[in-house]
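Chemist: Pasting in a structure now, in structure tokens, and then I'll have a few things to ask.
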Amino acid sequence: MSIENTSNVSSQSSTRFVLQTFSNPVSIRLDENNFLPWKQQTLATIRGFKLQRYIAGSHGIPAKFDSSEDEAQCNYNEEYLNWEQQDQLLMSWLLSSMSDPLTTRMVGCEYSYQVWQRLEEFFSSQTKTKVKQLKSQ
């Protein structure tokens with residue numbers, strides 16, 4: 001897998017933002033039968049690029065605006081714009097690694113953490129169903 005780093009230094013902040021762009025999808029295309037190997041590979045990549053916070057949940061999302069005045073003038077917080085850009089690239093990368101039936105299940109997700117949660121919930125319920133089926137056999 002190759003990745004590109006794009007640096008963006010905000011003029012308002014001394015914090016350096018490094019955008020991670022993915023040029024290749026995960027080598028395993030996620031379907032209904034290979035979640036665990038797919039998850040292992042995607043988590044290794046996500047952790048390798050230090051992007052865990054994007055799939056951890058909504059608590060890490062920066063505020064869209066610094067003040068109500070900024071909101072009225074549509075002056076977005078630069079940190080939020082950077083976060084959103086990285087999140088959308090990660091989300092696109094995750095979606096491109098899935099089979100069409102699973103991609104369809106992700107409709108309505110706006111952020112990568114929502115995609116991750118939906119996959120976890122779906123495959124958790126699949127596993128529980130398989131365990132019940134095996135016990136009944």
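The values are calculated or read from the model by the stated rules, or taken from the named source; none is laboratory data. All figures in this text were calculated on a predicted structure; none of them were measured in a lab. Reconstructed Cβ throughout: ideal geometry from the backbone, glycine too, with neighbour counts over all protein chains shown.
Chemist: Looking at the range 100-119 only, could you name the residues that are out of contact with any helix residue (DSSP H, G or I) (no Cβ under 7 Å at 6 or more places or on another chain) and under 11 Å from Ala56 (Cα atoms)? If you could, list the steps in order and put the result at the bottom.
Modeler: If we filter the range 100-119 for residues that are out of contact with any helix residue (DSSP H, G or I) (no Cβ under 7 Å at 6 or more places or on another chain), which is where we start, we get 100-102, 104, 107-108, 110, 114, 116-117, 119.
Selection gives Gln114, Trp116, Gln117.
Chemist: Which of the residues belonging to the range 107-128 are of a type outside the set (S, T, N, Q) and over 20 Å from Asn34 (Cβ atoms)?
Modeler: Result: Val107, Gly108, Cys109, Glu110, Tyr111, Tyr113.
Chemist: A further question follows. Need the failing condition index for His59 against (1) within 28 Å of Arg118 (Cα to Cα); (2) modelled with pLDDT of 95 or more, just the number.
Modeler: (2)
Chemist: Can you list residue pairs whose Cβ atoms sit under 6 Å apart, with the first residue in the range 17-45 being in contact (Cβ under 8 Å) with a residue 40 or more places away in the chain and under 15 Å from Asp87 (Cα atoms) and the second being surrounded by fewer than 13 Cβ atoms within 10 Å (Cβ to Cβ) and of a type in the set (Val, Ile, Thr)? Count only pairs 6 or more apart in sequence or on different chains.
Modeler: Note: pairs meeting the criteria are Leu19/Thr6.
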